[in-house]
Amino acid sequence: MESYGIHLLAISHVYLVPQLKSKCTKALIQRLTVENVVDVLQLARLCDAPDLYLKCMKLVSCKFKVVEETEGWKFLQDHDPFFELEILQFIDETESRRKRSRRHKREQSLYFELSEAMDCLEHICTEGCISVGPHDMEPRKNKAPCNKFSMCQGLQLSIQHFANCKKRVNGGCVRCKRMWQLFKLHASICELPDSTCKVPLSRRFKMRGGEEMKNKKEEERWELLVKKVVVARAASSLLLPKRKRVEEEPIATTCGEANYHNHNHVIRKLVC
């Protein structure tokens, strides 16, 4: 195989010896290098060896800048421009798939973060936490950082700002606008009756529905966001273990600042 693997692949293809062809394909896959990949790729194409062809294409795609300098590639450019175009199209499609995959992962991460923000909002407005809680509940005496949600401290700071900001009335505060969107998102996915839900503005948003949307396109984008967050919430409840409610040791004193920046990172990405 080391000396005659390429020749044996061609012979096994011409004389229809499938077992030998399979062994040659596996052996050549293990011996692929940047220097020989273009030659092996051309042979795999001629001999109808899809596994070998795909492995070669992936190697060319990953190491294209190095492959481009080889004699095999230069020979291919001079004698088979159509096959060169086929390889370049494969590389372009591969890169497009990678970009779509990365974008999808980022979007899914955002939806899971927003789902956690909804749970955290219910926790703050129902159970109460360090500095924010229901109006009929005494503030917690224990001032240690909340360890139930990573964004809890930042969300509490945003709620306090929202309650006291003077620019909020005229819509001049971006931070209040984001907090307003979180309240609205919660109202869109909340299934509790108005008398039971303690999250602020929930009843108002449920009554007004989509009246605040400027146009149909904006309304459709919002509905899509709500559906994605609902799906992420359901997935997290099925795949992840139940959140531990047992108080753990408080983290360092900078926890509040870290949580604050984490929360702002989430709401900055919220669709306006």
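Some points to look at:
- Test: Arg178 is at pLDDT 80 or above, closer than 22 Å to Lys227 by Cβ and not polar (S, T, N, Q): yes
- Looking across the range 60-85, the residues that are within 23 Å of His13 (Cα to Cα) and either among the hydrophobic types (A, V, I, L, M, F, W, C) or in a helix (DSSP H, G or I) (or both) come down to Gly72, Leu76, Phe83.
- Restricting the search to helices (runs of 4 or more DSSP H) fully inside the range 1-55 and requiring at least 2 residues that are open to solvent by less than 90 Å² (accessible area, probe 1.4 Å) and touching a Gly at 6+ places or on another chain (Cβ under 9 Å) gives 18-30, 37-46.
- A Cβ distance below 9 Å, combined with a sequence gap of six or more or placement on separate chains, defines the contacts here; from the range 97-113, residues that are farther than 19 Å from Ser237 by Cα reach residues that are of a type outside the set (A, V, I, L, M, F, W, C) in the pairs Arg106/Lys269.
Residue by residue, here is whether (1) touching a Gly at 6+ places or on another chain (Cβ under 7 Å); (2) surrounded by 12 or more Cβ atoms within 10 Å (Cβ to Cβ); (3) modelled with pLDDT under 90; (4) not aromatic (Phe, Trp, Tyr) holds:
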site	(1), (2), (3), (4)
Thr70	no, yes, no, yes
Leu76	no, yes, no, yes
His79	no, no, no, yes
Phe83	no, yes, no, no
Glu86	no, yes, no, yes
Arg106	no, no, yes, yes
Glu116	no, yes, yes, yes
Val132	no, yes, yes, yes
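- Selection within the range 181-219: residues that are part of a helix (DSSP H, G or I) and of a type in the set (Lys, Arg). The member of this set that is modelled with the highest pLDDT is Lys184.
The values are calculated or read from the model by the stated rules, or taken from the named source; none is laboratory data. Given the structure is predicted, the values throughout are model-derived calculations rather than measurements. Every residue, glycine among them, receives a Cβ derived from its backbone with ideal geometry; neighbour counts consider all protein chains shown. Please note that ligands, DNA and RNA were not included when accessible areas were found on the heavy atoms of the full protein model with its side chains. Shrake-Rupley method; radii C 1.70, N 1.55, O 1.52, S 1.80 Å.
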